[in-house]
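See below for the structure under consideration.
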Amino acid sequence: MSAPVVVVGAGMAGLACARRLAQAGLAPMVLDKGRGIGGRMATRRVTLADGGALQFDHGAQYVTAREPGFAALLDELAGATGLWQNGSGRQRWVGRPGMSGLPRAMAARLEVRQSVQVTGLHPDGRGWRLETDAGTVLASAVVLTVPAPQAAALLGTDHRLAGALAAVHYAPCLTLMAAFPGNLQRPFLSQASDSHPLAWIAQDSSKPGRPQGPTAWVAQASPEWSAAHLEEPPEALAGRLLPLLADRLGLDPAQALFAAAHRWRYARVAAPLGQPFLSDGTLWLGGDWCLGARVEAAWQSGSAIAEDLLARGLGG
Ligand SMILES: Cc1cc2nc3c(=O)[nH]c(=O)nc-3n(C[C@H](O)[C@H](O)[C@H](O)COP(=O)(O)OP(=O)(O)OC[C@H]3O[C@@H](n4cnc5c(N)ncnc54)[C@H](O)[C@@H]3O)c2cc1C
């Protein structure tokens, strides 16, 4: 396989980059190890034994749109977005039918190969050779939009950009997805706390376009709690987190119809790079770790990489 430009990562950064390149007439190939599109803009769907449908945004909860370009994207893809009244007094943009709906809409006309993990990255002539679990891919230019520690592992310690990557740090996040019968109390739509092990709780089924019936809740453990319990198996984590959530809701954990936990090892950037990307002229490194822990920051990074690549006349 070969492509002029290979983008690794079908999260917001990679898709923003690939979409801009495609709009400029290039044909980037996007590779992602995941089965779904969107990276940390993730939506889990579950069917209960009685046929009931559940859906959880277990990664990003909503997006901000401070940049005019990102606001324009949300307008353009209006069918894949919606406004959520989350009880904070502010409206929040969310993806529809789940958070992954927005990246999926962005990927609609792109060549995205899912379930392809890049395992090695080697200079090859004037370009790059990517080793993947689906074979070798040759590219003139490579855009890596994976979390900084994963980019560092692919690059190796000798690469001249490796030092800058080492300065980037992430906080983990353990997330609980739980559902209770719809006729039980729902004391709030969302709640943030900086003193409780659960730093954020959202009534996910109150977002627009979500399945109705049971109430779907997402609860995110604080960075401290997440770090302390990071290596525990997901089943044990669900067992720990469910009573914490039930307590905040005034419910009995035994009433839960479903509970599962998800581990985000690289959830939120705690120490970003401070510039939109790194590059050596044929390799670009980007993602939310460049500018901050937000979907919009990932979009800014991916978009800036595309502009730089186009300005250098690469990828044609
Ligand atoms: C629990 C949680 C809650 C959050 N809440 C919010 C929020 O409310 N609002 C907000 O704006 N932001 C939030 N964020 C942050 C937001 O999700 C991220 O900033 C953003 O989605 C990052 O996009 P990205 O493209 O940089 O990275 P990612 O979305 O992580 O995309 C990277 C992609 O690279 C792929 N990949 C990695 N390694 C390889 C490999 N070797 N080969 C192939 N593919 C690979 C991964 O599968 C992934 O799809 C939250 C994050 C988490 C985890």
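Coordinate-derived values only; no laboratory data. Here the structure is a predicted model, which is why all the values come from computation and not from measurement. Don't worry about glycine lacking a Cβ; one is built from the backbone with ideal geometry, like all the others, and counts go over all protein chains shown.
In a fully extended conformation the segment linking A227 and Q23 would gain 69.3 nm over its present Cα-Cα distance, using 0.36 nm per residue.
Each residue, R45 and Q85, gets one label point 7 Å from its Cα in the Cβ direction; the gap between the two is 2.8 nm. Rounded to the nearest 20 debye, the dipole magnitude of the chain is 500 debye, with +1 charges on Lys and Arg beta carbons, -1 on Asp and Glu beta carbons, and the Cα centre as origin. Could you tell me the calculated FRET efficiency between A134 and A166, based on Cβ-Cβ distance and R0 = 30 angstrom, to the nearest 0.05? For R0 = 30 Å, the calculated efficiency reads 0.55. Of the DSSP H helices in the chain, not one has a Cα length along its own long axis of 30 Å or more together with a mean Kyte-Doolittle hydropathy reaching 0.0. Looking at the chain, what % of the alpha carbon pairs are farther apart than 25 Å? Here the tail beyond 25 Å accounts for 50 percent of pairs.
Across the stretch 130-139, coupling constants 3J(HN,Hα) worked out from phi with the 6.51/-1.76/1.60 Karplus curve, θ = phi - 60°, read 9, 8, 10, 6, 10, x, 8, 10, 9, 8 Hz, and Gly and Pro carry x.
Find the centroid of the Cα atoms in the stretch 44-74 and in the stretch 268-301, then give the distance between the two in whole Å. Using only Cα atoms to place each centre, the spacing works out to 22 Å.
Each of S100, S301 was scored by other Cβ atoms within 10 Å of its Cβ. Arranged with the fewest first, they read S100, S301.
Can you tell me what the convex hull of the Cα atoms of the stretch 171-269 projects to on average, as an area in nm²?
6.2 nm²
With the simple spin-label model, which puts each label point 7 Å out from Cα in the Cβ direction, the T157 to R186 separation comes to 5.2 nm. For the chain, set up a GNM with springs between Cα atoms under 10 Å and report which of P208, P187, P172 has the largest fluctuation. Judging by the Gaussian network model, the answer is P187. Projected label points at E111 and E235, each 7 Å from Cα along the beta carbon direction, are separated by 4.3 nanometres.
Helix-only arithmetic for the chain: the sum of -39500 (n - 2.57) across DSSP H runs with n ≥ 4, divided by the residue total, places the mean residue ellipticity at 222 nm at -7500 deg cm²/dmol.
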